[in-house]
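Read through the structure below, which is laid out as structure tokens, and then see the notes.
The values are calculated or read from the model by the stated rules, or taken from the named source; none is laboratory data. In this text the structure is predicted, and so the values were computed from the model without any measurement. Using ideal geometry, Cβ is built from the backbone for each residue, glycine included, and neighbour counts are taken over all protein chains shown.
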Amino acid sequence: MAVRSGRLEKRIQLSLPVQISSLYDPSTAERTTTENVCSFGMRVLTQKAKELNERLMISSLVGDLLALARVVYCQRLPDGRFGIGIQFQGQSVRWTAGSLAGASG
């Protein structure tokens, strides 16, 4: 039997302003933007590296997204920022007009 690897769902390229913060240290909140999204997670661009499996709270600055998530990867980018892969925990996110209000894609 073949083992499936890779994404379960295609990501949507979308720039959505979000705030991410450590679940255990909310004072580390950072406002940033998404690069892409799907119902299982997203990729955000940050100024600070995140630890693998770090727990984060994600909230949209427009719309109604509020989700608990974990870091699945942290990639240093040529411009000094970090691309962070985030997996939502305990829920999937349905990208509706409310969660996308004011977003550009």
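For segment 31-54: of the residues being among the acidic types (Asp, Glu) and over 12 Å from the mean Cα position of the chain (by Cα), which is nearest to residue 86 (Cα to Cα)? Looking at residues that are among the acidic types (Asp, Glu) and over 12 Å from the mean Cα position of the chain (by Cα), I get 54. Contact annotation: residue pairs with Cβ atoms under 8 Å, 6 or more positions apart or on different chains, pairing a residue in segment 80-97 that is within 17 Å of residue 15 (Cβ to Cβ) with a partner that is modelled with pLDDT under 75, are 93/99.
Selection of segment 2-46 for residues being at pLDDT 95 or above and either touching a Phe, Trp or Tyr at 6+ places or on another chain (Cβ under 6 Å) or over 18 Å from residue 67 (Cα atoms) (or both) yields only 46. Within segment 64-77, being assigned to a strand (DSSP E or B) and farther than 21 Å from residue 26 by Cα holds for 75, 76. Candidates are the residues of segment 78-105 that are assigned to a loop (DSSP other than H, G, I, E, B), under 18 Å from residue 31 (Cα atoms) and of a type in the set (A, V, I, L, M); the one that is modelled with the highest pLDDT is 103.
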